[in-house]
Amino acid sequence: MALKFYNTLGKKIEDFVPINKDEVSFYSCGPTVYNYPHIGNYRAYIFADTLKRVLSYSGYKVKHIMNLTDIDDKTIRDSQIAGKSLKEFTEFYAEEFFKDIKSLNILPPIKFTKATDYINEMVSITEKLLEKGLAYKSEDGSVYFNIKKFKDYGKLSGLVLAEQKENASGRIKSDEYEKENAQDFALWKAWDSQDGEVFWETSLGKGRPGWHIECSAMSIANLGEQLDLHTGGVDNIFPHHENEIAQSEGATSKHFVNYWMHNEWVLVDTKKMAKSEKNFYTLRDVIEKGIDPIAYRFWLLMASYRTKVNFTWEALEGAEIALKRLYNLYLELDTEVGQVNQEYQQKFKNFVENDLDTPRALVVLWDVLKDKNLSPANKKATVLDFDKVLGLGFENLKEDIIPEEVMKLVHEREQARKNKDYTKSDELRGEINSLGYEVKDSTLGQQVYKI
């Protein structure tokens, strides 16, 4: 079965055919390092990681680049509030991001690119756009892309300029602006007092880049003028990715990206999880509740990446219980690793290669572990094979032997709950916690985990 992905550009599922037969060029929009990303942001990185794993599983060499936006309106604003240099401020949050993706078992790209390392490349692209008449300088020295001069503007998002109520020839200097507000956007921003000490002296004048030009410069510099894949969240489609296409194709006169892939939102109370809505959670919130971040990865894999998901703590806790069951079934197998079952592998492969159908792939994983006709050794080999895609950490699992003292308290607590002595139950839970273990109540009974 050929790899098939939903391409936002074509608005349909298409066969995947890379530019080079055995290698895939792949760029992912990474975080803006001005704060801790919320767990909704991490859906984009788990999705990109799953995509990369599927490509590798299918035999491709993947050249994957992810950017770190360390210069934009937000990083400048918040670094000034914190009283720190831009470099010191953004490097702290970049390091925190690296810790988070490790806890989610996200494989790092071959390179993280920092926007501040590519100023020359951004200037070069901007100068080409000026030479071609696709960009112009404003009175203050800023440079804007003229969207009316790029005939294909809107081809990714479906935006039709003629239908816009806003004046399309207006200018937007801010990095982010209202959706559906198609106007000329900043490629280079002339310095003003709000930028403080953040500026570069270039042939374009004293200033700094706009947000959109950063990704074009970093992707082209590392992957070439034509890419196989570009990923991000659906909120990046417009204006960010639409503007990337315009400036990249405008500068190179080549088709920029063959396959655009986007993950849907994580909702809270049916609203998009966002810092602006103040309805977000970070991985620190997950960890403080004693939940392994891998459970969040597992929860997301239970739904299609193109489906909105509504986050609740109950849903995440349920996912963790299910994941622990999988872990326990795996740990009950022999230490010997046998042969991957070809029939199950083909089923699994068919699902993940069909637009990353991880929900059905997980069903196959359950089927393997429950199959009484499959030897323990072959079960183990098959699960480890699947986990190359799922990234749930089976390979590193170690059986935790719960001390007898802890189990005695767990049984006493179970009896107290049967007697509806909830005061005693809470006291025993506290004793269990003091010994380094946590007990959770579920439909499957009490679940005990090491803290």
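The values are calculated or read from the model by the stated rules, or taken from the named source; none is laboratory data. Computed from a predicted structure; not experimentally measured. Every residue, glycine as well, gets a Cβ built from its backbone with ideal geometry; the counts of neighbours run over all protein chains shown.
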In the range 428-442, residues that are in contact with a strand residue (DSSP E or B) (Cβ under 6 Å, 6 or more places away or on another chain) and over 26 Å from residue 319 (Cβ atoms) total 0
Matching residues in the range 109-142 (touching a residue at least 12 places away in the same chain (Cβ under 8 Å) and assigned to a loop (DSSP other than H, G, I, E, B)) number 9
Would you be able to tell me the number of residues in the range 378-428 that are surrounded by fewer than 19 Cβ atoms within 10 Å (Cβ to Cβ) and assigned to a loop (DSSP other than H, G, I, E, B)?
-> 11
Over the range 76-100, the set of residues assigned to a helix (DSSP H, G or I) and of a type in the set (Lys, Arg) is 77, 87, 99
Right, residue 75: among the hydroxyl-bearing types (Ser, Thr, Tyr) and out of contact with any Lys or Arg (no Cβ under 8 Å at 6 or more places or on another chain) or not?
-> yes
Using the structure shown, decide if residue 450 is at pLDDT below 75 and among the charged types (D, E, K, R).
-> yes
Could you tell me which of the residues 272, 278, 289 is closer than 16 Å to residue 39 by Cβ and under 17 Å from the mean Cα position of the chain (by Cα)?
-> 272
Please note which helices (runs of 4 or more DSSP H) are completely contained in the range 207-320 and include at least 3 residues that are out of contact with any Phe, Trp or Tyr (no Cβ under 8 Å at 6 or more places or on another chain) and not polar (S, T, N, Q).
-> 283-288, 293-301
Going by the conditions given, is residue 377 modelled with pLDDT of 95 or more and either of a type outside the set (Gly, Ala, Ser) or out of contact with any Phe, Trp or Tyr (no Cβ under 7 Å at 6 or more places or on another chain) (or both)?
-> yes
Working carefully through the options 368, 364, find the one that is touching a Phe, Trp or Tyr at 6+ places or on another chain (Cβ under 6 Å), in a helix (DSSP H, G or I) and either free of Cβ contacts under 8 Å to residues at least 24 places away in the same chain or of a type in the set (Asp, Glu) (or both).
-> 364
Selection from the range 253-271 of residues among the polar types (S, T, N, Q), out of contact with any helix residue (DSSP H, G or I) (no Cβ under 7 Å at 6 or more places or on another chain) and in contact (Cβ under 8 Å) with a residue 40 or more places away in the chain yields 258, 270
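For every residue, the table says whether it meets (1) at positive phi; (2) acidic (Asp, Glu); (3) buried (at least 22 other Cβ atoms within 10 Å of the Cβ).
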residue	(1), (2), (3)
18	no, no, no
28	no, no, yes
60	no, no, no
73	no, yes, no
77	no, no, no
Filter result for the condition that a residue is without any contact (Cβ under 8 Å) to a residue 24 or more places away in the chain, of a type in the set (Val, Ile, Thr) and more than 26 Å from residue 225 (Cβ to Cβ), over 81, 39, 76, 46 | 81
Considering every residue within the range 330-347, establish whether at least one is touching a residue at least 12 places away in the same chain (Cβ under 8 Å), buried (at least 18 other Cβ atoms within 10 Å of the Cβ) and in contact with a Pro (Cβ under 6 Å, 6 or more places away or on another chain).
-> yes
Name the residues in the range 81-98 that are surrounded by fewer than 19 Cβ atoms within 10 Å (Cβ to Cβ) and in contact with a Leu (Cβ under 9 Å, 6 or more places away or on another chain), would you?
-> 94
Count - residues of the range 261-312 that are among the basic types (Lys, Arg), modelled with pLDDT under 95 and within 20 Å of residue 238 (Cβ to Cβ) | 3
